[in-house]
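First up is the structure itself, then whatever we jot down about it.
The values are calculated or read from the model by the stated rules, or taken from the named source; none is laboratory data. Quantities reported herein were computed from a predicted structural model and do not represent experimental measurements. As a convention, Cβ positions derive from the backbone with ideal geometry for all residues, glycine included, and neighbour counts pool all protein chains shown. To get the accessible areas, we keep the full protein, side chains included, count just its heavy atoms, and leave off ligands, DNA and RNA. Shrake-Rupley method; radii C 1.70, N 1.55, O 1.52, S 1.80 Å.
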Amino acid sequence: KFDTKNIDLDSFIKSKNFTLIEVWILSKLESLINKVTLSLDSCRFNEGAKDLEEFIINSLSQTYVPMTRDDLWDDSVETLERRNVIYAVLGYALYIIDILLHSFSPFITNYLYLLCFKHKEEILLESWPQSNPQFVNTEVESTIDKSKQIVSLVNAARMKAKFKRRWPINQVVICTEDRNISESNELSEILKKQLNTMSINVKIVNFNNILEKLKFLSGEKLITLTAKLRVNKVAPKLKNDLRNALQSFDQVDFNDLFTQFVTKGNFDLEFLSGKIELSTDDVEFSYAGRAPYIMMESDPEKIVVFIDTTRSNELISMGLMKDIARNIQQLRKER
């Protein structure tokens, strides 16, 4: 049984081993208490159930547990206090979740309560959880949620590069407008572990338009540019010269084209039978990560990530060791 009744959560909060990820999960838990209470009070049971599912699966199971897994696996005496902090937070969160779930699943939650907590004879004798404002930190919630988006994008880039998640990579470049990601050393270390990378390079940028974005990424030598004419835009101007213009455009240096758009706002395209002044509306740019980088981006959050696919002998060896460890773990389960 986990003794949540006598646990002094405040003492763990003051501990130096109470990290940013604990601040985040407790803040998420307080938001959950408020949402479920409001949903049940207004008889919107489906909304409360959805909020509980979101917290249990996405926040607790798929984020907090993986982010603290390495700490829990370390059984050295020196890290005992860190493990105690994680166990205290996990125990408190599961205790609150069990009570919140009781309205939806009365029998299984009562069984779990008697098995794991049992402060009273029945879970029904417990008081309904009250929100604790001191645990609420919306800024940390926003930052960690954005870091989850970064992890998702990097994992997508890994899939594109056919890199297993357990293989360490040389570097991850993150372009974002969130300064907290670069200013928090603690968050940087959490991200390094989650991304399984040797280093992180965070670039704080705020792209107002596509030209600014391409100018920055191209200047950092992170992307290669390609472009094509928007035929529906230029066809009325060119008429019978369209084929010649398209053939001439295929020979254009796209970097020079882009530079002239940035400096002059237009580009003079010369072809066999004349020339035309192109505006940014006449051209559609596309871009991809420049070797050895693989790129992924998320437009709503304005995040662009690049993974360095360079693999040294050291990185290959580390990846092989991770593969061996996984195979041994699989054999343990089978035995």
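The local environment of Gln194, defined by Cβ-Cβ distances under 14 Å, has a net charge of +3 under the rule Lys, Arg +1 and Asp, Glu -1. Taken as Cα centroids, region 154-171 and region 19-95 sit 27 Å apart, rounded to the nearest whole angstrom.
Given contacts defined as C-alpha pairs under 8 Å and at least six residues apart, what's the relative contact order of the chain, whole-number percent? Write out the running numbers ahead of the final one.
Working: 380 pairs, mean separation 59.5, N = 335.
It comes to 18 percent, rounded to a whole number.
Given the Cα-Cα distance of Ser61 and Phe45 and 0.36 nm per residue of separation, how much length would full extension add, in nm?
Working: separation 16, 0.36 × 16 = 5.76 nm, distance 2.25 nm.
Taking Ser61 through Phe45 to full extension adds about 3.5 nm, to one decimal.
At an R0 of 41 angstrom, the distance between the Cβ atoms of Ser105 and Asp74 translates into a FRET efficiency of 0.75.
With a Förster radius of 45 Å, plug the Cβ-Cβ distance of Ile210 and Glu81 into 1/(1 + (r/R0)^6) and report the FRET value to the nearest 0.05. Please list the in-between numbers first.
Working: r = 50 Å, r/R0 = 1.10.
The value I calculate is 0.35.
Heavy atoms only, probe 1.4 Å: what % of the accessible area of the chain goes to carbon and sulfur, would you let me know?
Values: 9700 of 19140 Å².
Ligands and nucleic acids excluded, carbon and sulfur reach 51 percent.
Helices in the chain that qualify as membrane-span-like (whole DSSP H runs, Cα extent of at least 18 Å along the helix axis, mean Kyte-Doolittle hydropathy of 0.5 or higher) are 20-41, 80-101.
Along the axis of the charge dipole computed for region 154-264 (Cβ charges of +1 for Lys and Arg, -1 for Asp and Glu, origin at the Cα centre), the listed residues Asn206, Gly219, Trp167 are led at the positive end by Trp167.
If you wrap the tightest convex hull around every Cα atom of region 1-144 and split its volume per residue, you get 118 Å³.
Translational diffusion of region 235-327 was estimated from the Stokes-Einstein equation, with Rh taken as the Kirkwood radius over Cα pairs; at 20 °C and 1.002 mPa s the coefficient is 124 µm²/s. Would you be so kind as to identify which of Ile56, Asn84, Leu331 lies farthest towards the positive end of the dipole of the chain, taking Lys and Arg as +1 and Asp and Glu as -1 on Cβ and the Cα centre as origin? The listed residue farthest towards the positive side: Leu331.
Once the 1.4 Å probe is applied to the protein heavy atoms, the chain comes out at 57 Å² accessible per residue. Ranking Leu191, Val304, Leu246 by Cα position along the charge dipole of region 182-335, where only Lys, Arg, Asp and Glu carry charges on their C-beta atoms, puts Leu191 farthest toward the positive end.
Where nothing but the Cβ of Lys and Arg (+1) and of Asp and Glu (-1) is charged, how large is the charge dipole of the chain around its Cα centre, in debye to the nearest 20?
On the way: 44 positive and 47 negative charges, 240 e Å.
That gives a dipole near 1160 debye.
The magnitude of the dipole of region 280-335, with charges of +1 and -1 set on the Cβ of Lys/Arg and Asp/Glu and taken from the Cα centre, is near 840 debye.
Hydrodynamic radius of the chain by the Kirkwood approach over all distinct alpha-carbon pairs: 24.1 Å.
Note on Ala291 and Leu38: the extension gain reaches 86.0 nm, defined as 0.36 nm multiplied by sequence separation minus the Cα-Cα distance.
As a calculated quantity, the FRET efficiency between Cys116 and Asp281 at R0 = 56 Å, using C-beta atoms, amounts to about 0.35. Computed with every protein chain present, the accessible area of Val154 is close to 0 Å² [probe 1.4 Å].
Using just its DSSP H runs of length 4 or more, each adding -39500 (n - 2.57), the chain gives a mean residue ellipticity at 222 nm of -16000 deg cm²/dmol after division by all residues.
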